Amino acid sequence: MNQKTYPIAVIAGDGTGPEVVAEGIKVLKAAANRFGFSLEFHAFPFGGEHYKKTGETLPDTALAELRKFSAILLGAIGHPDVAPGVLETGILLKLRFGLDQYVNLRPIKLYAGVETPLKDKGPEDIDFVVIRENTEGLYAGAGGFLKKGTPDEVAIQESINTHKGVERCIRYAFELTRKRNKAKKLTLCGKTNVLIYAFDLWQRVFNDVAKDYPDVTTDYAHVDAICMWMIKNPETFDVIVTDNLFGDIITDLGAMIQGGMGIAAGGNINPQGVSMFEPIGGSAPKYAGKGVINPLAAISAAAMMLETLGEQEAADAIEQAVKATIKRLKSLSAGKMGCTTQEAGTMVAELIEA
Ligand code: IPM
Ligand code: MN
């Protein structure tokens, strides 16, 4: 039998990354068995520990090698002993930029049985997707210091917004809104009243691209208002598209209303290239190695990976198994699940095999 085989690069990274990625792989193997494809995992050592040992963040040769894989599964990058910025720009952003993963896809979905801090809101109210531009904006690193360390110091950090970069992100958002086929509403999140150059471009491109999607309702809100409505009326959102920094901020807000870091997953997508999937919770060093961290976010990231690879049935099966597992856990919080990281992963895997 000729089975389809996907080579998958694994960057387990730091802290709880390796533990949760191991459960993601356990579940992926179960899904592959059940649905008749196979996955070959290849581990890469990058992360804070590796940096401390070798001084290396992510060499260009690794970037070239990673381009040969079908997808990348990432655990977490971050180390308490490494200065802020070194690993973020040297590894995570280098991966996103280097592999041109121009969409950061973050579903905000409250599953039944998961506690949300929003009073009187349930799974029918919290189900939307944020599409964050992932290669430009304030993250591009444009800027510098003048007279650093003196009383006359100047620090400049500029937001880069290219027509091409904005357009491909917005187009992806319209396509996804159509494909989701829910309210078919796309909201542009910006700050057109203050960021009069950057979001003028965003708004014009948004209006232009909208002409190709007459079936999609368009909407605009300033980022500060979005923060209010995500709390007060999350049910009014279907898909939100925004720039890199605003997307970073509103998706942490989104993660909280969907039940926290134990469940929030994201994809760094290059539709024409290699995409990377990650739980968005970070390395959580205080829980590392204890078997108490919730692996469901990493497992959901693995499901997103299969969806992107075209294994929709397998992705759906993982989502169903995650939903069923949630009902058996006491809580989604680290240390309070009522079982270990490994047991939670096994529950999901067994539900898929059954
Ligand atoms: C995220 C993270 C990263 C970001 C950090 C770690 C650089 O917060 O994936 O949202 O800001 O993009
Ligand atoms: Mn973030």
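The equivalent ellipsoid of the chain has semi-axes of 30, 26, 21 Å, largest first, where each one is the square root of 5 times an eigenvalue of the Cα gyration tensor. Dividing the mean sequence gap of close Cα pairs (under 8 Å, 6+ apart) by how many residues the range 276-354 holds gives a relative contact order of 35 percent. Counting alpha carbon pairs within less than 8 Å and at least 6 residues apart, what relative contact order, in whole percent, applies to the chain? Value for the chain: 25 percent.
Taking one quarter of the surface of the convex hull spanned by the alpha-carbon atoms of the range 89-196 gives a direction-averaged projected area of 11.1 nm². Of the three principal axes defined by the Cα atoms of the range 251-354, the extents in descending order read 40, 33, 26 Å. The accessible-area ordering, largest first, of the residues D208, D81, D243 stands as D81, D208, D243, per a 1.4 angstrom probe. Ordering I299, I196, I293 by accessible surface, largest first, gives I196, I293, I299; the 1.4 Å probe counts only protein heavy atoms, with every chain in place. Taking every protein chain into account, the 1.4 Å probe leaves K29 with about 110 Å² of accessible area, to the nearest ten.
Work out the charge dipole of the chain with +1 on the Cβ of Lys and Arg and -1 on the Cβ of Asp and Glu about the Cα centre, then indicate which of A284, G48, P117 is farthest towards its positive end. Checking the options against the dipole of the chain, the answer is P117. Annotation: Cα Rg of the range 24-93 relative to the compact-globule expectation 2.2 N^0.38 Å equals 1.33. Estimated at the nearest 10 Å², the accessible area of T340 is 50 Å² with a 1.4 Å probe. Equivalent ellipsoid of the range 11-159: semi-axes from √(5λ) of the C-alpha gyration tensor, largest first, are 32, 25, 16 Å.
Within the assembled protein chains, the solvent-accessible surface assigned to M261 is about 60 Å², based on a 1.4 Å probe. Of the residues N233, N104, N134, the one that moves most in a GNM of the chain with alpha-carbon contacts below 10 Å is N233. Between the alpha-carbon centres of the range 321-340 and the range 254-318 there is a gap of 15 Å. Shown for the range 1-111: the carbon plus sulfur share of the solvent-accessible area, taken with all protein chains present and a 1.4 angstrom probe, equals 53%. A 1.4 Å probe run over the protein chains yields, for the range 225-354, 37 Å² of accessible area per residue, whole-number rounding. In terms of Cα atoms, the Rg and Dmax of the range 207-251 work out to 11.7, 31 Å. Candidate cross-link partners of K185 among the lysines, defined by an alpha-carbon separation under 28 Å and a same-chain spacing of 8 or more, comprise K109, K119, K121, K164, K211, K232, K323.
Rounded to the nearest 20, the Cβ-based charge dipole of the chain about its Cα centre (Lys and Arg +1, Asp and Glu -1) stands at 380 debye. Computed about the Cα centre, the dipole magnitude for the range 16-149 is approximately 220 debye when only Lys and Arg (+1) and Asp and Glu (-1) carry charge, each at its Cβ.
Accessible surface calculations at 1.4 Å, restricted to protein heavy atoms, place the range 107-178 at 54 Å² per residue. Per-atom-type breakdown for the range 117-222 gives carbon and sulfur 53% of the accessible area (1.4 Å probe, protein chains only).
Of the residues I263, L306, C339, the one whose Cα sits farthest towards the positive end of the charge dipole of the range 251-351 is C339 (charges of +1 on Lys and Arg Cβ, -1 on Asp and Glu Cβ, taken about the Cα centre). Relative to one another, the C-alpha centroids of the range 160-195 and the range 95-123 are positioned 17 Å apart. Entry comment: accessible area of the range 1-101 is 45 Å² per residue, from protein heavy atoms only and a probe of 1.4 Å.
The values are calculated or read from the model by the stated rules, or taken from the named source; none is laboratory data. Everything numeric here is computed off the predicted structure, so don't read it as measured data. We place every Cβ from the backbone using ideal geometry, glycine too, and count neighbours over all the protein chains shown. Please note that ligands, DNA and RNA were not included when accessible areas were found on the heavy atoms of the full protein model with its side chains. Shrake-Rupley method; radii C 1.70, N 1.55, O 1.52, S 1.80 Å.
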